[in-house]
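**Student:** Quick one: the structure is below, and I'll ask about it shortly.
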């Protein structure tokens, strides 16, 4: 791997892309530290210390701590991702969107345009809701979070947060086009990784003060490497269905006859199921923040509890099957194989092939859902059993490892096209896109 990074510095184009990506990520981290006017920073920090399990804490995780500081990037890139996921799901119910997805580059540009418009609209709505919520919030000490509540504060907040989200979206698109890797994913990864040093510092302080034993720390570090290795293994794992192409005679030439395979990812849905499940579970706690009468009901879904964990796992399994069914259509795959003269040995083309692919996909999706559930429940168990002061594992670790694999796969492609040694001497890194 070290040799691969050394070779990357020898390619001018790849070196420029890496430096460009690093520069824009640095711009993003600088923007996270620029505060929005009209907020008492200390009161807001005190509120977030007591609101980790609410929707505010969830948004703060993916914004890289920007919401906790209420910076110009407080909304992060989540409005863009939410709109993109909604459009992806709506293509099942909308023939127009389904046709756009199939039109190639022209259709993708139209979808991107709709995503941008939706991001502006959703950012305005979320910015207004956050502004109104902050006006009603009282810090644990009893002081207000907003200095001068009113429409002036709301308008400034909405404009600032919407502009910040659109600027982050532009940064992500520039990284994707002129840098290396998927820009949006790298921005999310940068926000998550940026919080790691403070978490490690807190852990070291716990060890010095005797709140955590050295043996537990060594156990957590060993578990960290094991879980990370397991995520890498599963995210690159595939169920390969053999495909045989029939021979076709065109003029005097014979085409086809070769063997191939249809790769099916073990975790087809990626990190979408835990994101949806967590968003649903933190909603009662968020409502209880403003309606004290509901705190008794919201306490049933406290992270770490039996009801919370069981509900979390059930929702992850449900969304894993739901999102896989929406994004992967076995009937279309079977039709495409049939059109190109391909067939699965021992399976008749057409409906029987679709049924076979659907049966295989349903089985491996169950294994992928169990794997995602285990990784996501791990943080609550560590906090409950070993007093770990930060979330190890879960959605954050899935995102970091997945984005790192995608980025390394793209760097590997640049190296191999120029006959340089890649990251791995034995085997190549497989992209998570299949």
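The values are calculated or read from the model by the stated rules, or taken from the named source; none is laboratory data. The shown structure was predicted, so the numbers you read here are calculated from the model rather than taken from an experiment. Ideal geometry is used to build each Cβ from the backbone, glycine not excepted, and the neighbour counts take in all protein chains shown.
**Student:** Give the residue, chosen from 186, 134, 122, that is in a helix (DSSP H, G or I) and in contact with a strand residue (DSSP E or B) (Cβ under 8 Å, 6 or more places away or on another chain).
**Tutor:** 134 is the lone residue from the list that is in a helix (DSSP H, G or I) and in contact with a strand residue (DSSP E or B) (Cβ under 8 Å, 6 or more places away or on another chain).
**Student:** Of all residues in the range 64-107 being surrounded by fewer than 18 Cβ atoms within 10 Å (Cβ to Cβ) and part of a loop (DSSP other than H, G, I, E, B), which is modelled with the highest pLDDT?
**Tutor:** 94
**Student:** Restricting attention to the range 130-155, which residues are more than 23 Å from residue 83 (Cα to Cα) and surrounded by fewer than 15 Cβ atoms within 10 Å (Cβ to Cβ)?
**Tutor:** Correct list: 136, 138, 140, 141, 142, 143, 147, 148, 150, 151, 152.
**Student:** Tell me the residue from 366, 378 that is outside the structural domain of residue 13 (by TED's automatic domain parsing), in a helix (DSSP H, G or I) and at pLDDT below 85, please.
**Tutor:** Exactly one of 366, 378 is outside the structural domain of residue 13 (by TED's automatic domain parsing), in a helix (DSSP H, G or I) and at pLDDT below 85, namely 378.
**Student:** Still on this structure: Let me confirm something: among 160, 203, 165, 176, which residue is farther than 20 Å from residue 44 by Cβ and at pLDDT 80 or above?
**Tutor:** 176
**Student:** Evaluate the following for residue 218: is it outside the structural domain of residue 133 (by TED's automatic domain parsing), closer than 30 Å to residue 322 by Cβ and at pLDDT 75 or above?
**Tutor:** No.
**Student:** From the list 284, 274, pick out the single residue that is modelled with pLDDT of 80 or more and either part of a helix (DSSP H, G or I) or under 29 Å from residue 69 (Cα atoms) (or both).
**Tutor:** The unique qualifying residue is 274.
**Student:** Separate question: Test residue 300 against the criterion of being in contact with a helix residue (DSSP H, G or I) (Cβ under 9 Å, 6 or more places away or on another chain), at pLDDT 80 or above and either assigned by TED's automatic domain parsing to the domain that holds residue 349 or not in a strand (DSSP E or B) (or both), and give yes or no.
**Tutor:** No, not satisfied.
**Student:** On to the next question. What number of residues within the range 327-357 are assigned to a helix (DSSP H, G or I) and surrounded by fewer than 17 Cβ atoms within 10 Å (Cβ to Cβ)?
**Tutor:** 10
**Student:** Residue 159 - would you say it is within 22 Å of the chain's Cα centre (by Cα) and in a helix (DSSP H, G or I)?
**Tutor:** Judged against the criteria, residue 159 is not a match.
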